[in-house]
């Protein structure tokens, strides 16, 4: 979803040379609980997952989720806003206790930090007009049609770099609803978007249907935790499990992604 | 203080820059109140000799005594010594960021640690001595070359030096400004200030000097009273030099 | 809305100003010390100062920031993001300020030192009372330039989580999809700050200017 900064590799190297002085007898989780505060890093420039509203308050799917997790741990969140590229280094060097910022698991990252269980998996959907007569049974099939996508999204990235769809077949839009309107009017044949907003759009605009859903452009999202911190990982994973069972996460997804 | 008739004494001074011998084996005795003029062609080490005498430049060998005490000895505080030896430079070297008064005062307040009010009184007095009390609040850039050089003299005098060194004090001046500086120096000579002057001003040398030293190629060729040197020079080189210089001086006069 | 929008970005100004107010004087003190060592420190000390300047001008500020904050802070020293950021920028700036000041010190000229020594001043007294007051005057215009650069470079501290003007603009740009408005507001604030700094230093230069004309 986002890139790993080259600086992280540098940091890994140098920190191996310096080797951390090792924590005290108290575990990380105990320290967090004792302080009553968990320092959570996020890059608040990625709506709807984490962003600031116009009064400067942090909000978004990840933000609300983390606030709930902290509440159940009995602590408060102290948000530390950093550029995305600094977050892994921040966790790794103990400047923040963990980070939630729409992180996907990658092997590269797993070398230096740990990941919680996935808390959300963004599904993609292909949307067509109800009058569409073509045939889309597998993702690759869209390559032969005129496809619309919101510019700069993970779907845009997937269509351009993974599917390598010919440029003349790809239309990029500033907003998803613009693409949906063009889909209805027949200027494009297929539209690719996040599954939840795609469903909502189909309902709102009418005359559209979903022909395919699946995990294509981004993988499951995980909270980034310090390497080897099994105690904190367990505490967070347990709460995530509860939240999933209670339907809290689905509600949150509806709130943030369904428009 | 050691009992000695000499204020300043140099013994066998030699200065070498790399391969160049600037001067060699120079000895010099300066009596209290004496005005000595050093003459000679350019590049014969006269200016370097003055710089060596107040320790701005180290000598390679030889000794220098101030009031009988060796100042070239190990462990002597050079800053202390330089307070007692005033120096006036060819290109004035006033402190550009200070007024005439500030230039004269700063040595008193910062080096001698004199209270500012007292320093100001003394500085004004020194400026008066060189006839520039009315220019006290002018910056160097607002003064003529002659005025700047007179301030530089006042700056050196303010430190109450035992001896004053003048390194071609009028060479950088327009001809019409030379007189005012020489006038101040002449007045100092009359007040029996001990002075060592490197200059090409033969008129001044003849009128004011107690003794003239002719230097060439790093050595003292001849020395004596103005009459002896100008009227009865012993060495051919002295005669030749004086001939050339008076020709030049004469031309200047005509202009 | 625009009002609120602008006010959120404007709140970053105090961070920008605070970082600059730490980095610039720190850079000045270090830079002056280094410039003096370079000019008066003798062969090896002077080489060391030159090497420092070369290295620090070659290091990307962000790399120094990361090294200081993520690697050294917590191990050797304990620094908050604000201090780590300000000190990093101060260190980088010290190399540039050293270059400015050593140029200015050299421009004052050997003669002033000679004249000061001739009235019995020590080297340190001469540097303090004669050389530095003149060098500072010469250094004000290029220094004003460096001040603007540090002011703008202070935005780098966002990389370790200090929310200054630029970071806030980024956030609002992401939220509102109005990058022109967000970055425009940030640019305006920077412009005003740089303008004030330059104007202030111009006035200082004017005030401390030595008269040049013959009166």
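When residue B:158 is tested against the conditions (1) more than 20 Å from residue B:88 (Cα to Cα); (2) surrounded by 14 or more Cβ atoms within 10 Å (Cβ to Cβ), the lone failure is (1).
Take residue C:147 and decide whether it is part of a helix (DSSP H, G or I), over 30 Å from residue A:48 (Cβ atoms) and within 14 Å of chain B (Cβ to nearest Cβ).
Numbers: part of a helix (DSSP H, G or I): yes; over 30 Å from residue A:48 (Cβ atoms): yes; within 14 Å of chain B (Cβ to nearest Cβ): no.
So residue C:147 does not fit the description; no.
Residues in the range C:53-74 that are touching a helix residue (DSSP H, G or I) at 6+ places or on another chain (Cβ under 6 Å) and outside any helix (DSSP H, G or I): C:73 only. In the range B:48-61, the qualifying residues are those that are within 12 Å of another protein chain (Cβ to nearest Cβ) and in contact (Cβ under 8 Å) with a residue 40 or more places away in the chain, and the one that is surrounded by the most Cβ atoms within 10 Å (Cβ to Cβ) is B:54.
Name every residue in the range B:82-110 that is part of a helix (DSSP H, G or I), more than 7 Å from chain C (Cβ to nearest Cβ) and touching a helix residue (DSSP H, G or I) at 6+ places or on another chain (Cβ under 7 Å), in order of residue number. Break it down into steps so the answer makes sense when it comes.
If we filter the range B:82-110 for residues that are part of a helix (DSSP H, G or I), which is where we start, we get B:82-84, B:100-110.
Of the ones still in play, those that are also more than 7 Å from chain C (Cβ to nearest Cβ) are B:84, B:100-105, B:108-109.
Result: B:100, B:101, B:103, B:104, B:105, B:108, B:109.
Among the residues of the range A:57-67, is there at least one that is more than 10 Å from chain C (Cβ to nearest Cβ) and closer than 21 Å to residue C:166 by Cα? No, the conditions are met nowhere in the range A:57-67. Taking the criterion of being out of contact with any strand residue (DSSP E or B) (no Cβ under 8 Å at 6 or more places or on another chain) and either within 7 Å of chain C (Cβ to nearest Cβ) or in contact (Cβ under 8 Å) with a residue 40 or more places away in the chain (or both), the residues of the range B:62-79 that qualify are B:69, B:79.
I'd like to check something: does the range C:142-160 contain any residue that is over 30 Å from residue B:141 (Cβ atoms) and without any contact (Cβ under 8 Å) to a residue 40 or more places away in the chain? Yes, the range C:142-160 contains at least one residue that is over 30 Å from residue B:141 (Cβ atoms) and without any contact (Cβ under 8 Å) to a residue 40 or more places away in the chain. Determine whether the range B:32-39 contains at least one residue that is surrounded by fewer than 18 Cβ atoms within 10 Å (Cβ to Cβ) and within 14 Å of chain C (Cβ to nearest Cβ). Looking for residues that are surrounded by fewer than 18 Cβ atoms within 10 Å (Cβ to Cβ) and within 14 Å of chain C (Cβ to nearest Cβ), one finds none in the range B:32-39, hence no.
The residues on offer are C:190, C:129, C:158, and the sole one that is crowded, with 24+ Cβ neighbours inside 10 Å and more than 15 Å from the chain's Cα centre (by Cα) is C:158. Within the range B:122-143, the set of residues being away from every other protein chain (no Cβ under 14 Å) and surrounded by 20 or more Cβ atoms within 10 Å (Cβ to Cβ) comprises B:127, B:130. Just the residues that are more than 7 Å from every other protein chain (Cβ to nearest Cβ), in a loop (DSSP other than H, G, I, E, B) and in contact with a strand residue (DSSP E or B) (Cβ under 8 Å, 6 or more places away or on another chain), please, taken from the range A:40-56. Scanning the range A:40-56 gives A:43, A:49.
Of the residues that make up the range C:78-85, is at least one on the phi < 0 side of the Ramachandran plot, over 22 Å from the mean Cα position of the chain (by Cα) and surrounded by fewer than 21 Cβ atoms within 10 Å (Cβ to Cβ)? Looking for residues that are on the phi < 0 side of the Ramachandran plot, over 22 Å from the mean Cα position of the chain (by Cα) and surrounded by fewer than 21 Cβ atoms within 10 Å (Cβ to Cβ), one finds at least one in the range C:78-85, hence yes. Taking the criterion of being over 29 Å from residue C:100 (Cα atoms) and out of contact with any strand residue (DSSP E or B) (no Cβ under 9 Å at 6 or more places or on another chain), the residues of the range C:73-89 that qualify are C:73, C:74, C:75, C:76, C:77, C:78. Residue pairs whose Cβ atoms lie under 6 Å apart, separated by 6 or more positions or on different chains, with the first residue in the range C:61-76 and under 22 Å from residue C:152 (Cα atoms) and at the interface with chain A (Cβ under 7 Å from one of its Cβ atoms) and the second crowded, with 18+ Cβ neighbours inside 10 Å and at pLDDT below 85, are C:66/A:7. In the range C:16-25, the condition of being surrounded by fewer than 17 Cβ atoms within 10 Å (Cβ to Cβ), modelled with pLDDT under 90 and either in a helix (DSSP H, G or I) or over 16 Å from the mean Cα position of the chain (by Cα) (or both) is met by no residue. The helices (runs of 4 or more DSSP H) found wholly in the range A:168-249 and carrying at least 3 residues that are surrounded by fewer than 19 Cβ atoms within 10 Å (Cβ to Cβ) and at pLDDT 95 or above occupy A:230-246.
Mind telling me which of the residues A:102, A:195 ends up being within 29 Å of residue C:71 (Cα to Cα), touching a residue at least 40 places away in the same chain (Cβ under 8 Å) and touching a strand residue (DSSP E or B) at 6+ places or on another chain (Cβ under 6 Å)?
Values: A:195 fails: within 29 Å of residue C:71 (Cα to Cα).
Checking each option against the conditions leaves just A:102.
Looking at residue B:24, is it within 13 Å of residue B:196 (Cβ to Cβ), modelled with pLDDT under 95 and touching a strand residue (DSSP E or B) at 6+ places or on another chain (Cβ under 7 Å)? It is false that residue B:24 is within 13 Å of residue B:196 (Cβ to Cβ), modelled with pLDDT under 95 and touching a strand residue (DSSP E or B) at 6+ places or on another chain (Cβ under 7 Å). Identify the residue in the range C:107-128 that is closer than 16 Å to residue C:35 by Cβ and either in contact (Cβ under 8 Å) with a residue 40 or more places away in the chain or in a loop (DSSP other than H, G, I, E, B) (or both) and, among all such residues, is farthest from the other protein chains (Cβ to nearest Cβ). Only one residue fits best here, namely C:127.
The values are calculated or read from the model by the stated rules, or taken from the named source; none is laboratory data. Note that the structure is a prediction, hence the values are computed from the model and not measured. Here the Cβ is made from the backbone with ideal geometry for all residues, glycine too, and neighbour counts use every protein chain on show.
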